[in-house]
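The values are calculated or read from the model by the stated rules, or taken from the named source; none is laboratory data. Since the structure is predicted, the reported quantities are computational estimates derived from the model, not experimental observations. Neighbour counts run over all protein chains shown; Cβ positions are idealised from the backbone, glycine included. The area values use the complete protein model at the heavy-atom level, side chains included, leaving out ligands, DNA and RNA. Shrake-Rupley method; radii C 1.70, N 1.55, O 1.52, S 1.80 Å.
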Amino acid sequence: MLLSGVSEMESFLEKFFPGLLKGTAHASKDVYCIYNSQALTAFTSSLYAFGMIGTLVASRVTRRTGRQAVMLIGGSMFLVGALVNAAAVNIAMLIIGRMLLGLGLGFSGQATPVYLAEMSPPRWRGGFISGFPLFISVGYLIANLINYGTSRIPVWGWRLSLGLAAFPAAVMVAGAAFIPDTPSSLVLRGKHDLARAALQRVRGKGVDVDAEFNDILAAVEHDRRNDEGAFRRILRREYRPYLVMAIAFPVFLNLTGVAVTAFFSPILFRTVGFESDAALMGAVILGLMNIFGIVGSGFAMDRYGRRLLFMIGGALMFTCQVAMASIVGSQLGHGSKMAKGYAVTVLVMTCAFSASFSWSWGALYWAIPGEIYPVEVRSAGQGVAVALNLGLNFVQAQCFLAMLCCFKYGTFLFYASWLVVMTAFAVAFVPETKGVPLESMGHVFARHWYWGRFVKDHKFGDVST
């Protein structure tokens, strides 16, 4: 997110994209198209392409080395990538830095949600997993605050902005070095004593972990009896629901429109009439709304269930998208910018949309895929979901500004129509998983009105909360 604000800094554009800076200064016709530059979006979105590659590689590596090692590798690559970007003297160095950042993002995004799911107590698993998107949102907020401050530093402000990304990467590396691997991962690699010790450590001394540990052993034993690659196995009929979820969640996540709204929020706010500093501050406000939404979701999902959050969030996001389309369509024309009052209304609607997204898909995208997969396809399922998400992020980042230029206010209606589809899908096809232990998740699918024709109940343990 640091780079989305850096791309607004004149010192950065003057050094690496002088042609774009001149073109923007002389743009005067269609305000929807002022910032439509494939050169800049291709550069910024390259992070997602390499993130997708990193995720697919991490999905294979994690079964051999464990979740902890993958997070350590991801943090290290992100650290080096941030330092390379900060020291960049030409576009080649920037691209190399982006490649490393993308690979680090892919490794971390694949392993971290699975780690949280496997270490969390079943009763509070949703709250634990929602910590992942929560701290992503906190990072997004801090990044925008940094951009807001460094935009006032001439010449080298962009270097400081990019270089500060090394700090959270260093924290991640240090943290990953001192945490234990998950019991499921350790059992998969034959380290039963270490696995039991890790489980006892996270559950607390004196807590009876025999039943939970036996469930983990049974799940891993089932994995070994069906010894084949996780990616080949997830294609089998009995794993069809998990494959559908691995594909549907990232597809629908991107069709909410939030990724491009967040990534290009400074540009979007400038388009509707805010000046540069005000646009960056608008992005800061969006970050705060994301945090409020995720915190609320973390408290609610383990009390009221996942499906209710989907319904509330879907209805609110649909309302916000339609409202923004109406305001932007009636007020934003050729060669003019929106009146300040209407621009503020767009900002309010965008903030409400961000909070609604964080409350629903933003938190549940990480919570549900991280908890539903059986251990034998967990690395593949999470890998497919994260890789597809990053790939779609790349496509959307490439296409959004051209789409805004072509469809204009219809862009918001496009996303609104998909919100209807994805909310209906969540209500009809996503089982309620509140309080269900990971090793017993198959019961939920076996008893579902549709997925029960694919998943058989006999191989899973008892569902207890």
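For the reader, a short list of remarks on this structure follows.
- Here Phe407 sits with roughly 110 square angstrom of accessible surface, probe radius 1.4 Å.
- Backbone geometry of segment 238-243 corresponds, through the Karplus equation with coefficients 6.51, -1.76 and 1.60 at θ = phi - 60°, to 3J(HN,Hα) couplings of 5, 9, 4, x, 6, 5 Hz, x marking Gly and Pro.
- For segment 366-443, the Stokes-Einstein estimate of translational diffusion at 25 °C and a viscosity of 0.890 mPa s comes to 162 µm²/s, using the Kirkwood hydrodynamic radius over alpha-carbon pairs.
- Cα centroid separation, segment 208-222 to segment 312-387 (Å): 38
- Assuming charge only on the beta carbon of Lys and Arg (+1) and of Asp and Glu (-1), the dipole of segment 182-225 about its Cα centre is about 220 debye to the nearest 20.
- Residue-level accessible surface for Tyr242, protein heavy atoms, 1.4 Å, Å²: 0
- Ranking by accessible area, most exposed first, for Val209, Val171 with a 1.4 Å probe: Val171, Val209
- Accessible-area composition of segment 296-405, carbon plus sulfur, in percent [1.4 Å probe]: 72
- For the listed peptides 366-374, 145-153, a ranking on the average number of other beta carbons within 10 Å per residue, highest first, reads 366-374, 145-153.
- For segment 60-171, the average shadow cast by the Cα convex hull is 7.7 nm², which is a quarter of the hull's surface.
- Couplings for segment 431-445, taken from phi via the Karplus curve 6.51 cos²θ - 1.76 cosθ + 1.60 with θ = phi - 60°, read x, 6, 10, 4, x, 8, x, 4, 6, 10, 5, x, 4, 4, 6 Hz in order; Gly and Pro are left as x.
- Across every pair of non-identical alpha carbons in segment 137-183, the mean reciprocal distance, once inverted, gives a Kirkwood radius of 12.3 Å.
- The slack between Tyr450 and Arg152, meaning 0.36 nm per residue of separation minus the straight C-alpha distance, is 101.6 nm.
- Take segment 182-225 with all the other protein chains still there, run a 1.4 Å probe, and you get 55 Å² of accessible area per residue.
- Trp124 accessible area, assembled protein chains, probe 1.4 Å, Å²: 100
- Listed values for segment 114-125 are Karplus-derived 3J(HN,Hα) couplings in whole Hz (6.51 cos²θ - 1.76 cosθ + 1.60, θ = phi - 60°), namely 5, 4, 5, 5, 6, 9, 7, x, x, 5, 10, 4, and x replaces Gly and Pro.
- Enclosed volume per residue, in Å³, of the convex hull spanned by Cα atoms of segment 182-225: 53
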